[in-house]
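Student: Pasting in a structure now, in structure tokens, and then I'll have a few things to ask.
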Amino acid sequence: MKNNIRITKAAIWVLAAVCGVLCLLGPKLVNYVVQRPGIVFQGALRWWTILLAGYALALAAFLCLHSLYVLLNRLERGKVFVRENVRSLRTVEKEIALAGAGSLFLGITCLLLMLAVAAVALFAALVVRVVRSAFEEAVRMQDELDYTV
Amino acid sequence: MIRVNLDVVMAKKHIGAKELAERIDLTPANLSILKNNRAKAIRFTTLEALCRELDCQPGDILEYVPEEEG
């Protein structure tokens, strides 16, 4: 398990770095993206919506990566089925869902491609929800085991 | 709820918590969990060991008390 955790932590660092680079290149990326046709918003409104929503999504991504990193640290220390991990997974689920909602808004107003990102994010949130429920049940069972004499 | 009357039986038999824990191979912490009604389950092996050392029946240690409504 420790190797898997290390690989995942490394992946988190890589994703955070990619997110950081995308943030730095924000305006340039938006200039590239606005070349594709928009749906509802046009012109400067569309440009600023994509830029600001993009930064909001980046913030959600950084928060999600941070929550995952904290969760992995706990797992690495052997704290698996504990209430804090259930709370972390609930936070991750909300952050992914928020990113999905933001992507949905962008997809409807500015860039159709973001609808695909929204679908993936919302599906990921559902998967994390199931994992969180399984952890909750495991914590309940662990609790019962701890208080079995 | 199931009430554990272990402290009552221990007092009748004049046996302390530390001594009983050692006799039944249970940690003092776990015995305290049982005595203070914080246990969620008890193994039959533990119940058997308690009845053996305290020379009593399970019903002397465990008592069913109906939950108060409202």
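Student: If the requirement is being closer than 30 Å to A:SER133 by Cα, modelled with pLDDT under 95, out of contact with any Pro (no Cβ under 6 Å at 6 or more places or on another chain) and not acidic (Asp, Glu), which of these qualifies: A:ARG36, A:ARG46, A:ARG77? Even if it seems obvious, please write down each step before you answer.
Tutor: Values: A:ARG36 fails: closer than 30 Å to A:SER133 by Cα; A:ARG46 fails: closer than 30 Å to A:SER133 by Cα.
Sole residue among the options that is closer than 30 Å to A:SER133 by Cα, modelled with pLDDT under 95, out of contact with any Pro (no Cβ under 6 Å at 6 or more places or on another chain) and not acidic (Asp, Glu): A:ARG77.
Student: When only residues in region A:100-111 that are surrounded by 20 or more Cβ atoms within 10 Å (Cβ to Cβ) and modelled with pLDDT of 90 or more count, which is nearest to A:VAL40 (Cα to Cα)?
Tutor: At the first step, the residues of region A:100-111 found to be surrounded by 20 or more Cβ atoms within 10 Å (Cβ to Cβ) are A:100, A:102-103, A:106, A:110-111.
Next, from what is left, pick out any that are modelled with pLDDT of 90 or more: A:100, A:102-103, A:106.
Details: A:GLY100: 19, A:GLY102: 15, A:SER103: 15, A:LEU106: 10 Å.
Filtering region A:100-111 for residues that are surrounded by 20 or more Cβ atoms within 10 Å (Cβ to Cβ) and modelled with pLDDT of 90 or more, the one nearest to A:VAL40 (Cα to Cα) comes out as A:LEU106.
Student: What do you reckon, is A:ARG36 free of Cβ contacts under 8 Å to residues at least 40 places away in the same chain, over 22 Å from A:PHE123 (Cβ atoms), of a type in the set (Lys, Arg) and surrounded by fewer than 12 Cβ atoms within 10 Å (Cβ to Cβ)?
Tutor: Working: free of Cβ contacts under 8 Å to residues at least 40 places away in the same chain: no; over 22 Å from A:PHE123 (Cβ atoms): yes; of a type in the set (Lys, Arg): yes; surrounded by fewer than 12 Cβ atoms within 10 Å (Cβ to Cβ): yes.
For A:ARG36, the condition - free of Cβ contacts under 8 Å to residues at least 40 places away in the same chain, over 22 Å from A:PHE123 (Cβ atoms), of a type in the set (Lys, Arg) and surrounded by fewer than 12 Cβ atoms within 10 Å (Cβ to Cβ) - is not met.
Student: Also, quick follow-up: Given the conditions (1) within 14 Å of chain B (Cβ to nearest Cβ); (2) surrounded by fewer than 16 Cβ atoms within 10 Å (Cβ to Cβ); (3) without any contact (Cβ under 8 Å) to a residue 40 or more places away in the chain, which single one is not true for A:GLN142?
Tutor: (3)
Student: Please name all residue pairs, on different chains or six or more residues apart, with Cβ atoms under 6 Å, provided the first residue is in region A:46-60 and is closer than 18 Å to A:ARG36 by Cβ and the second residue is outside any helix (DSSP H, G or I) and aliphatic (A, V, I, L, M).
Tutor: A:TRP47/A:VAL34
Student: Separate question: Could you pull out the residue among A:MET114, A:MET141 that is under 23 Å from B:LEU34 (Cα atoms), modelled with pLDDT under 95 and in a helix (DSSP H, G or I)?
Tutor: It is A:MET141.
Student: Considering only region B:13-60, how many residues are more than 11 Å from chain A (Cβ to nearest Cβ), touching a residue at least 40 places away in the same chain (Cβ under 8 Å) and not in a loop (DSSP other than H, G, I, E, B)?
Tutor: Residues that pass the stated criteria total 3.
Student: Of the residues A:SER67, A:SER88, A:SER133, which is surrounded by fewer than 18 Cβ atoms within 10 Å (Cβ to Cβ) and of a type in the set (Ser, Thr, Tyr)?
Tutor: Checking each option against the conditions leaves just A:SER133.
The values are calculated or read from the model by the stated rules, or taken from the named source; none is laboratory data. Just so it is clear, the model here is predicted, and its values are computed rather than measured. Positions of Cβ are generated from backbone atoms using ideal geometry, with glycine treated the same way; all protein chains shown enter the neighbour counts.
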